[in-house]
1. Can you tell me which residue in segment A:707-733 is nearest to the other protein chains (Cβ to nearest Cβ), limited to those that are touching a helix residue (DSSP H, G or I) at 6+ places or on another chain (Cβ under 6 Å) and more than 16 Å from A:Glu762 (Cα to Cα)?
2. Could you tell me whether segment A:433-447 includes any residue that is part of a loop (DSSP other than H, G, I, E, B) and open to solvent by 40 Å² or more (accessible area, probe 1.4 Å)?
3. Just checking, does segment A:593-604 include any residue being open to solvent by less than 80 Å² (accessible area, probe 1.4 Å) and without any contact (Cβ under 8 Å) to a residue 12 or more places away in the chain?
4. Could you identify the single residue in A:Leu502, A:Leu412 that is outside the structural domain of A:Ile535 (by TED's automatic domain parsing), in contact with a His (Cβ under 7 Å, 6 or more places away or on another chain) and open to solvent by 20 Å² or more (accessible area, probe 1.4 Å)?
5. Which residue, of B:Tyr104, B:Tyr90, is within 10 Å of chain A (Cβ to nearest Cβ), open to solvent by less than 30 Å² (accessible area, probe 1.4 Å) and aromatic (Phe, Trp, Tyr)?
6. Any residue in segment A:640-663 that is away from chain B (no Cβ under 11 Å) sitting within a Cβ distance under 8 Å of a residue that is surrounded by fewer than 14 Cβ atoms within 10 Å (Cβ to Cβ)? List the pairs, counting only those 6 or more apart or interchain.
7. Does B:Val134 meet the test of being at pLDDT 90 or above and surrounded by 16 or more Cβ atoms within 10 Å (Cβ to Cβ)?
Amino acid sequence: MSYTRRLWLSFWPAALAVGALTVLIILQSNHDDQRVVTAVLGPLVGWSFIAAGLVAWSRRPANHTGRLMVALGFAWALTALTEANDKWIYSTGLAVEAIFLAVFIHLVVSFPTGRLSSRLERTIVFGAYGVAVFANALSVLVDPTPIPDCKGCPPNAFLLAPSDAAATAVQVAADVCGIAIAAAVVTLLVRRWRRATPAGRRVLSPIYLSGGATMILLGIAFAVDPWAGGFAGLLKLLASLAFISVPYFFLAGLMRARLARAGVGRLFVDVPENPSPEELHAAFRRALHDPTIRLAHWLPERRLYVDLEGWPFDEVEAGRTLTPVEYEGRRVGALIHDPSLLEEPELLEAAVASARIGLEKDRLQAELRARLIELEREQDFVRTVVDTAPALFCVVDTEGNVMRFNATLSRLSGLPDDDSGRGEPFTKLFLPSEDAASFHLALAAADGEEFESEWLGAGGGRRIVAWSVMPIVDAQGRPRRLISGVDVTERRRQEARTRALLDAMPDLMFRMTREGVYVDYHAHDEVELVSSEVIGRSVYDRLPRPVAEQALAAARRALDEGGVQTHEYSLEVRGVERQYEARVVASAADEVVSIVREITDRKEQEHEVRKSRARIVQAADAERRRLERNLHDGAQQRLVSLSLALRLAEARIPDRLEGAKQILTEAQQELAQALAELRELARGIHPAILTDRGLAAAVEALAARAPLPVEVAAMPDERLPDAVEAAAYYVVAEGLTNVAKYADASYVRVTVERRNGVASVEVADDGIGGADPRAGTGLRGLADRIEALGGRLEVESPATGGTRLWAQMPVG
Amino acid sequence: MRIVLADDSMLLREGLVRLLEEAGFDVVAQSGTADDLLRHVAMHKPDVAIVDIRIPPTHTDEGLRAAQTIREKHPDVGVVVLSAHVEPGYAMELLADNAEGVGYLLKDRVSDLEEFAGAVRRVGEGGSALDPTVVSELVGRRRREDPLEGLTPREREVLEAMAEGRSNAAIAGRLFVTERAVEKHVTSIFQKLRLPTSDENHRRVLAVLQYLRSLE
């Protein structure tokens, strides 16, 4: 037994029985003026809904609409109970007569799926049920005359507390709720209609038309009920009549879907043997009543859909559904349609089956069309690239006559991009006459070798173009030449500027790899370098080994650490020793530029200056020695002699001249003091022991007199040059003086060493540190003295403690 | 006591001669150069040769070298070197390993007649005389771990006097104590400094000076 039959067998007999019962009740009614009308309309409405509902139910078992319609049919039948003469049946009818309205609202709101999908929809439907059940039940409990002015109506059997006021209140409340619900339903339906697609509207329109009419009539009836009861009654009757049409309209919609399926079945009969895309679409649109439907081919090797004209479409637009069409297990195309078609699966299936055949018929042509479109697109693309590229292109025949050229060349030359230049010699159109020879050479060779040509461009400016000629074959297979040109004007100008800049520089420039292989160089004319002896050679080929290693180390430093790395070296060039300074910077990932400048003159000047400073210091030292010796041999001798003379004089003064003796004694004491001071002064000017006994003895003497422990940690065994010894002595003297004055140290270590031709002097203490090396003139003068000897003086005095005065001087 | 004198300053030389003669010395010869001095010494065999450290021709340390030559060639002749400035290094060079008959005095010292005459006499008698300023530089030097700090102030004074070349009796006279007390101090000093004791004066001087020099 089929599902459909089972449904009919379950519900139809009940429907018939209920119908018969209602007819019986109505015909016996003693309070209905239009018994016959009611007896005919009543069961018809009920049966219409039940029958249409059962059809819908069996056709769409998953859709609740059918069930709701059946329920509505039975709920309708309950209204007939109010026709009964028995007071109990009559009163029950009064209590339940509005339920069918709630079911109807439920049906309309949930159409077409039969399901409530939004909160608003649920609110409306629950409200409707609430009002229908409670308002009538309450009314029955308080209203002594539920049907006003009813003649022959039996008494209200459920009346508990008769109250006209309460009855009116309940009535008004029910009316207000009814109006609100009706308004909400209308709003909802209007909104839904607006959003619906054409196919959707096609499905919605019958039920909206009939349902909407019913609702509007009922809404007006409720609205005018308090003022014009009779008119409202009439409206309610009209609403009932409209109500009868609802199931038939729905059924009509259903029948239309079935008819559409039959239309689809006819589709491929209507489609001609080789349908054009328009014909195919037209047939589908007719059959499915969807003017927007589209068919698509599937191109398996390209893995994409193209429409019937062959245009690929990348994605299905929003609000459309793509249903693939398969043929013998492989995809052949797709139907792009309104999603509402999914509601009619049989129709969709039939459409797909028809599309399958139509698409298969059109398949080869579609592929050809797609290819053609693709080719056209490709061609457009190539043309765009060729015309927008900054390069100049011109195709000529083997004689050099122009066949075509691109837009860039047209712009640059000012020649219109049409056929006017066709067949003219390339040389005539685009080259100055003096370059014709090189063009013909390039044309004959056609090997891509560049030649440059200068000409007046469209803008009047001189342009330099680098041309090259390559052999090509045109679409017809004829040999052609592609002349491509690059506008190198800016590049050449830039190069000229750079060259001028380089030429103006006195320096030599080398570009070389990390491994020390020369890549390029630039030298001004006076330097006689032969390219083949430089480029590709290694630094080891050109420079003595130590210098080459120095250069390589600088290159590595420049590459690894960045910045400018400098190194100095001397080379014998044509028998003359020359000094050079190289500044090395990284120029690429593994390449450096080395800028070499001859600094022989500067070095000589520096040397001269240093020698001159050294001479000044030496002269000063000699002067100090002379001064010291003069003090000793002159002033001191005389003072000592004077002292002796005083002594002798004192011995000769008789004892009675006590006062004179006293004066002499005091004079002697003064003299002794003067001698002591003179001695210190002479030592400060120049320590005799330094000249006589050398640095070790002099430093030892300094250490002995220092007011804190001094360790002389090291002293060179042999004498150093006078100037170096003097400088070293003054470093130690200054160092010890400063330690005693500022360092708050407990210990000083003095080290003088000679190593690798360098004398170093160090005075290190364990004091507080933090000395400012710039403070005081003592250190400045000392630094001058040491720099004059080609050495340097440093002070390290960290705030963490300890001061180290440190000098280094070359010792020939 | 016979003296030979060398100083290139005529003025000073004359002054010294008169001074020495006044103090009872017999100045047998005087010269202005080192060569002259050596000749005079060889000729006169004096008891003491007094020489300025700076004499011609170079005016650096000829006097010192002449003194060393005299000590080598004429061990019996005492030598007193006069210096315009104090350098313990020179003194130690002069003394080398023998403190017999040698003196190193600051030139200024000559004006203190008694001191000077005493020193010359000490040297003439085979003793030694070191200028107090030289001694005080040696003793007074700052050291990190100074063994001299273990001495009492009085012991220090005794040590300095010893280094100057003075005998116990002289030290006693100078410090106004008995010779016995000086001996006790000397024993104590030698013990504290762990020096080998010696009765001979000039050995004692040398030991003390070498010890002081050895201290850094």
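The values are calculated or read from the model by the stated rules, or taken from the named source; none is laboratory data. Please read these numbers as outputs of a predicted model, since none were measured by experiment. Backbone-built Cβ (ideal geometry, glycine too); neighbour counts: all protein chains shown. Note: accessible area is taken over every heavy atom of the protein model, side chains too, but ligands, DNA and RNA are not part of it. Shrake-Rupley method; radii C 1.70, N 1.55, O 1.52, S 1.80 Å.
1. Within segment A:707-733, the match that is nearest to the other protein chains (Cβ to nearest Cβ) is A:Pro707.
2. Going residue by residue through segment A:433-447, those that are part of a loop (DSSP other than H, G, I, E, B) are A:446-447.
If we keep only those that are open to solvent by 40 Å² or more (accessible area, probe 1.4 Å) too, we end up with A:447.
Yes - at least one qualifying residue is present in segment A:433-447.
3. Taking segment A:593-604 as the starting set, the residues that turn out to be open to solvent by less than 80 Å² (accessible area, probe 1.4 Å) are A:593-596, A:599-600, A:603.
Restricting the remaining residues to those that are without any contact (Cβ under 8 Å) to a residue 12 or more places away in the chain gives none.
There is no residue in segment A:593-604 that is open to solvent by less than 80 Å² (accessible area, probe 1.4 Å) and without any contact (Cβ under 8 Å) to a residue 12 or more places away in the chain.
4. Values: A:Leu412 fails: in contact with a His (Cβ under 7 Å, 6 or more places away or on another chain).
Matching residue, one of A:Leu502, A:Leu412: A:Leu502.
5. Working: B:Tyr104 fails: within 10 Å of chain A (Cβ to nearest Cβ).
Answer to the selection: B:Tyr90.
6. A:Ile653/A:Ala660; A:Lys661/A:Asp655
7. Values: at pLDDT 90 or above: no; surrounded by 16 or more Cβ atoms within 10 Å (Cβ to Cβ): yes.
So B:Val134 fails the test.
Yes or no, residue by residue, for (1) open to solvent by 20 Å² or more (accessible area, probe 1.4 Å); (2) touching a residue at least 40 places away in the same chain (Cβ under 8 Å); (3) hydrophobic (A, V, I, L, M, F, W, C):
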{"residue": "A:Val140", "(1), (2), (3)": "no, yes, yes"}
{"residue": "A:Ser163", "(1), (2), (3)": "yes, no, no"}
{"residue": "A:Val170", "(1), (2), (3)": "yes, no, yes"}
{"residue": "A:Val185", "(1), (2), (3)": "no, yes, yes"}
{"residue": "A:Arg195", "(1), (2), (3)": "yes, no, no"}
{"residue": "A:Leu204", "(1), (2), (3)": "no, yes, yes"}
